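Taking it in order: structure first as structure tokens, then the write-up.
The values are calculated or read from the model by the stated rules, or taken from the named source; none is laboratory data. Please read all numbers here as calculations on a predicted model, not as lab measurements. Please note: Cβ atoms are built from the backbone with ideal geometry, for glycine as well, and neighbour counts cover all protein chains shown.
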Amino acid sequence: DISFYYKKPSAGAARLVVRAGGFAVGRDITAPPSPPGPTNLRIVGGPQEDMTVGQCSASNFSIIAQNDGNATIESLPNDLTITLGDQSDGNFFSDRQCVSALNNRQITMRSGERGVKPFYYKKPTAGQVTLRATANNLREGAKNTTIIPIGPTQLTAETEANRQSTFNEDECFILWVHSRNSAGQITDAVEDIPITFDDGGADGNFYRGGACHDVRSPSQLSIPAGGNNIGIPYKKPTPGNVTLTVNAAPEYPQVTRQLTIRPVPTLLAFSVAPANIVEDSCRIYTVESRSDAGQPTNATQDADITFNDNDADGNFYSNDQCSGEATGRVRLAQGTNRVSRYYKKPTPGNLTLQVNGGGLRPVPPLNITVTAAGPTRMAIEGGPSNAISTGTCTSVMSAVLKNENNETATANSALNLTLSDGADGAFFTDRGCANRNNSRQLTVASGASSARFFYKKPTAGQVTITVRSPNLRSGTKSITVRNR
């Protein structure tokens with residue numbers, strides 16, 4: 001005889017077969033369903049957020065007895081004793097105030113009860129912990145939870161509620177240092193936290209009062225026990241980037257805050273300012289906001305700027321036609337550094353332009369000379385743009401009257417002009433250079449602005465043609481003549 005034992009882990013039919021020496025024998029058996037008891041444990045629930053040291057879990061944990069299908073046992077077939085553990089210094093309780101500790105850390109589920117049992121947990125020290133539930137012949141249940149320190153573990157440095165990172169030079173602001181726990185929540189200090197701070201050797205200073213008057217020694221501040229913040233006034237007199245550093249006791253990591261100190265405009269200065277203009281002409285005048293170092297500097301806020309002169313008949317305008325409403329007032333917008341106005345004066349004379357406003361030092365007065373609109377100088381226009389050959393007649397050239405704005409001007413009466421070249425060339429009145437102008441004289445008729453002429457030179461060389469007229473500045477044009 002041979003005996004053996006057999007076990008089947010699940011319910012259902014099975015056929016047992018034994019073979020030996022060419023013979024086989026079989027027997028059908030049926031494994032009945034397992035009793036409706038638990039096979040594993042599970043821990044669920046507990047607080048939604050991390051617990052702090054010494055805090056009783058505000059909401060309960062629950063142990064659930066489940067079958068192989070992970071369904072909760074609705075009616076336990078027998079009493080079930082469960083042992084709780086955390087491999088740490090925490091403890092388990094039956095009440096939400098964590099007063100009644102579980103005896104031997106055990107919970108008993110009674111026969112006929114539903115397989116769910118609540119418990120509460122408290123731990124006197126910080127750290128990560130795994131809660132475990134075990135019972136004979138059942139797979140254990142586990143759940144991780146975190147216990148955070150009751151006091152602060154870190155510091156943060158912020159400027160204002162909006163965490164501003166850019167300030168003006170010489171602007172007083174407050175750096176706020178907060179004590180926080182490991183979850184980043186603002187947390188009251190258990191004891192005084194001494195703080196030191198510096199700006200990396202920059203030229204700024206920390207101060208006692210919010211007005212930045214009394215310079216503070218870097219070792220005189222603490223976050224007091226029961227408090228969670230302290231404000232440190234700071235001011236830097238020059239622009240640039242600066243890193244503010246906060247140090248506390250060794251257990252608090254160093255904190256830094258990087259800031260940008262931007263320059264502040266202190267004065268106005270002309271950037272486009274013609275000193276000589278022609279009567280009734282429209283000319284632009286531009287001023288910049290600048291720092292004390294003379295650098296263009298953007299306005300930190302909107303500022304109203306006013307252009308004015310000391311002459312009754314001149315006016316400022318907003319457009320390059322000097323039309324519409326006359327106004328010398330203009331807005332210098334925040335973040336910009338230039339404003340302009342156009343100026344026109346209908347009569348000649350001397351005057352002074354001034355610009356001020358925005359709390360900035362005004363532009364030094366600018367002396368302006370307004371000349372009559374008639375011609376003040378000569379110019380030669382047209383003619384060859386490249387070298388010409390000896391004996392070749394040039395294209396047409398014009399002696400042109402110009403005013404102080406370099407605009408073409410009109411003769412109020414006939415003007416006599418004289419041409420010269422200081423060489424052996426000749427001037428002509430026609431395109432083919434057949435009619436020589438031996439007198440080298442030209443006339444600009446009244447109401448006209450120019451007179452035409454042509455030129456030819458028999459020898460090679462560089463030549464400068466000059467046109468002159470009494471009381472006008474002369475005009476010139478250089479021409480290169482090459483051999484054929």
Look at ASP313 and say whether it is over 30 Å from GLU191 (Cβ atoms) and part of a loop (DSSP other than H, G, I, E, B). yes
Quick one: what pairs do we get from segment 431-449, first residue at positive phi, second among the aliphatic types (A, V, I, L, M) and surrounded by 10 or more Cβ atoms within 10 Å (Cβ to Cβ), C-beta under 8 Å, 6+ apart or different chains? CYS433/ALA426; ARG440/LEU419; GLY447/ALA411
Out of SER398, SER439, which single residue is surrounded by fewer than 15 Cβ atoms within 10 Å (Cβ to Cβ) and not charged (D, E, K, R)? SER439
Number of the exception - VAL355 against (1) hydrophobic (A, V, I, L, M, F, W, C); (2) in contact (Cβ under 8 Å) with a residue 40 or more places away in the chain; (3) more than 30 Å from GLN334 (Cα to Cα); (4) assigned to a strand (DSSP E or B): (3)
Filter pass, PRO250 being modelled with pLDDT of 90 or more, within 30 Å of THR125 (Cβ to Cβ) and out of contact with any strand residue (DSSP E or B) (no Cβ under 6 Å at 6 or more places or on another chain): no
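Please specify each residue of segment 301-314 satisfying the condition of being surrounded by 18 or more Cβ atoms within 10 Å (Cβ to Cβ) and either of a type outside the set (D, E, K, R) or touching a His at 6+ places or on another chain (Cβ under 7 Å) (or both). Let's see the steps before the verdict.
Let us first name the residues in segment 301-314 that are surrounded by 18 or more Cβ atoms within 10 Å (Cβ to Cβ), namely 303, 305, 307, 309, 314.
Matches in segment 301-314: ALA303, ILE305, PHE307, GLY314.
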2 or more residues under 22 Å from THR166 (Cβ atoms) and in contact with a Ser or Thr (Cβ under 6 Å, 6 or more places away or on another chain): qualifying strands (runs of 3 or more DSSP E) within segment 194-268: 240-247, 255-262
Considering only residues of segment 283-300 that are surrounded by fewer than 16 Cβ atoms within 10 Å (Cβ to Cβ) and at pLDDT 90 or above, which is nearest to GLY200 (Cα to Cα)? PRO296
Only residues that are under 28 Å from GLU191 (Cβ atoms), of a type outside the set (A, V, I, L, M) and outside any strand (DSSP E or B): list them for segment 132-159, please. PRO149, GLY151, PRO152, THR153, THR159
Quickly run through segment 114-131 and pick out the residues that are assigned to a strand (DSSP E or B), crowded, with 17+ Cβ neighbours inside 10 Å and either touching an Asp or Glu at 6+ places or on another chain (Cβ under 9 Å) or of a type in the set (Gly, Ala, Ser) (or both). TYR120, TYR121, VAL129, LEU131
For SER340, the lone unmet condition from (1) hydroxyl-bearing (Ser, Thr, Tyr); (2) surrounded by 19 or more Cβ atoms within 10 Å (Cβ to Cβ); (3) closer than 30 Å to GLY240 by Cα is (2)
So ILE277, is it of a type outside the set (Asp, Glu), farther than 28 Å from TYR234 by Cα, touching a Leu at 6+ places or on another chain (Cβ under 6 Å) and assigned to a strand (DSSP E or B): no
So in segment 368-385, with the set limited to residues that are within 24 Å of SER323 (Cα to Cα) and in contact with a Leu (Cβ under 9 Å, 6 or more places away or on another chain), which one is surrounded by the most Cβ atoms within 10 Å (Cβ to Cβ)? VAL370
Scan (1) within 27 Å of HIS178 (Cα to Cα); (2) at pLDDT below 90 for the single condition GLU279 breaks and write down its number. (1)
With ILE63, ILE107, ILE73, ILE43 as the choices, which residue is over 30 Å from ASN181 (Cα atoms), within 54 Å of the chain's Cα centre (by Cα) and in contact (Cβ under 8 Å) with a residue 40 or more places away in the chain? ILE63
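Restricting to segment 52-66, give me the number of residues that are within 10 Å of TYR121 (Cα to Cα) and either modelled with pLDDT under 85 or in a strand (DSSP E or B) (or both).
First pass over segment 52-66, keeping only residues within 10 Å of TYR121 (Cα to Cα): 54-61.
Checking which are either modelled with pLDDT under 85 or in a strand (DSSP E or B) (or both) leaves us with 58-59, 61.
The total comes to 3.
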Which one of LEU415, LEU472 is touching a Pro at 6+ places or on another chain (Cβ under 7 Å) and either without any contact (Cβ under 8 Å) to a residue 60 or more places away in the chain or closer than 14 Å to ILE380 by Cβ (or both)? LEU472
